[in-house]
1. Quick one: would you say ILE284 is closer than 29 Å to LYS49 by Cα, of a type outside the set (S, T, N, Q), modelled with pLDDT of 90 or more and surrounded by 15 or more Cβ atoms within 10 Å (Cβ to Cβ)?
2. Just for strands (runs of 3 or more DSSP E) wholly inside segment 131-197: which have at least 1 residues that are assigned by TED's automatic domain parsing to the domain that holds PRO75, in contact with a helix residue (DSSP H, G or I) (Cβ under 6 Å, 6 or more places away or on another chain) and without any contact (Cβ under 8 Å) to a residue 60 or more places away in the chain?
3. Out of segment 37-66, which residues are crowded, with 16+ Cβ neighbours inside 10 Å and of a type in the set (S, T, N, Q)?
4. With the structure loaded, tell me whether THR77 is within 22 Å of GLU109 (Cβ to Cβ), in contact (Cβ under 8 Å) with a residue 12 or more places away in the chain and of a type in the set (Val, Ile, Thr) or whether it fails that test.
5. In this structure, is LEU207 more than 17 Å from ASP51 (Cβ to Cβ), in contact with a strand residue (DSSP E or B) (Cβ under 8 Å, 6 or more places away or on another chain) and modelled with pLDDT of 90 or more?
6. Would you call SER292 modelled with pLDDT under 95, in contact with a Cys (Cβ under 8 Å, 6 or more places away or on another chain), within 30 Å of ARG53 (Cβ to Cβ) and surrounded by 11 or more Cβ atoms within 10 Å (Cβ to Cβ)?
7. Would you call SER338 outside any strand (DSSP E or B), surrounded by 13 or more Cβ atoms within 10 Å (Cβ to Cβ) and not aliphatic (A, V, I, L, M)?
8. All but one of (1) in contact (Cβ under 8 Å) with a residue 24 or more places away in the chain; (2) within 18 Å of SER285 (Cβ to Cβ); (3) among the hydroxyl-bearing types (Ser, Thr, Tyr) hold for THR218, so report the exception by its number.
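The values are calculated or read from the model by the stated rules, or taken from the named source; none is laboratory data. Small disclaimer: the values here were computed from a predicted structure and weren't measured. Positions of Cβ are backbone-derived with ideal geometry, glycine not excepted, and every protein chain shown enters the neighbour counts.
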Amino acid sequence: MIISSNVFLKHLAIHKIDGQGLRISQNSVLLQDDFLKQVLVNYFFHCFKDDERYCFDELTSNPVKGTISSIFDRPETLHEKSIELARKLFEISDNATIKPGDFFTVYFEDCVLDDEIVEVIGLFKAEQKNTFLKIYNANDVFSVDAQEGINVNKIDKGTLIFNTEKENGYVVFSIDNVNKSSSAQFWNKTFLNLKPIENEYYQTKQLVHLCQDFIGETISNDDKPGKISLFNESMDYLKSNERFNHEEYKEKVLQDPALIQSYDAFRGERSEENDVFQQQEMPISKPAVKKSKKFIRSVIKLDKNFHVYVHGNRDNIDQGYDDNKQKSYYKLYYKEES
């Protein structure tokens, strides 16, 4: 858990990547306004709400980690080292899909992580600009102007590196709110070379992916209610239990012997790629379950006329085809209408 209420912003450097190339600032940003400092701290920290942790991958050469270590050793060199980081980012940004933006390197003190007070280095990239209105008042004569700037309520790309567990690649939190798909690896992999820390959060995410992929590949697309219902029941199992046990999951959720046999084979194949699935039982991270649920579609879209939301109990939905109307149909059974 990150506690940032007393964080002190000590050093800040900003550089820009745009159509003209890399534009390097000659000096660090001098901040003397305490209110502005607090606005910036809130901007840099407020999006890090999940306990999804990373570390620098130690198996390959990692120039970013070396630069980060140098800043922790000598914080006064942040501006000089931020130029190295900006150049590294620019060198790998030669791609039409990589957006221009402002690159921030920030040094924080007095942040609390897991009851330990630690220094933090933040790397951020602001890519999206918003239009906002500014009202001026001169002797009760009002005017308005439109300006472009950064929305302080949203981080585009951001990483917090905590000065702890250096020997294991530090403890790192990282988010990318612009490219959220699993294939968007530019910031975390190409630039920072991060890998997930295999804690409860990571393990639970892998379990969710296992269930989702298994159901998606095993249940026919012709039976969308059955597919959605089974996944909802899987998520309910994760939400209502403190630990995940594969045998119990098969007994309570899958039930059907043919489905259980398919699950064992599917899990066996995935275990060769990820040893998380070799464990018979493991703790469940509730924040990971809650976050994963947001990305699960529980709706069947029928032409442009109807949306059917499925929350469970496949037996209450019948599916068929009307020869007279030459159209498919769903029949829903219920006790009460609200």
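1. It is true that ILE284 is closer than 29 Å to LYS49 by Cα, of a type outside the set (S, T, N, Q), modelled with pLDDT of 90 or more and surrounded by 15 or more Cβ atoms within 10 Å (Cβ to Cβ).
2. Because the criterion is at least 1 residues that are assigned by TED's automatic domain parsing to the domain that holds PRO75, in contact with a helix residue (DSSP H, G or I) (Cβ under 6 Å, 6 or more places away or on another chain) and without any contact (Cβ under 8 Å) to a residue 60 or more places away in the chain, the strands (runs of 3 or more DSSP E) in segment 131-197 that meet it are 157-162, 171-176.
3. Within segment 37-66, ASN62 is the sole residue that qualifies.
4. Here the answer is no, as THR77 does not meet what is asked.
5. no
6. no
7. no
8. Going through (1) in contact (Cβ under 8 Å) with a residue 24 or more places away in the chain; (2) within 18 Å of SER285 (Cβ to Cβ); (3) among the hydroxyl-bearing types (Ser, Thr, Tyr) one by one, THR218 breaks only (2).
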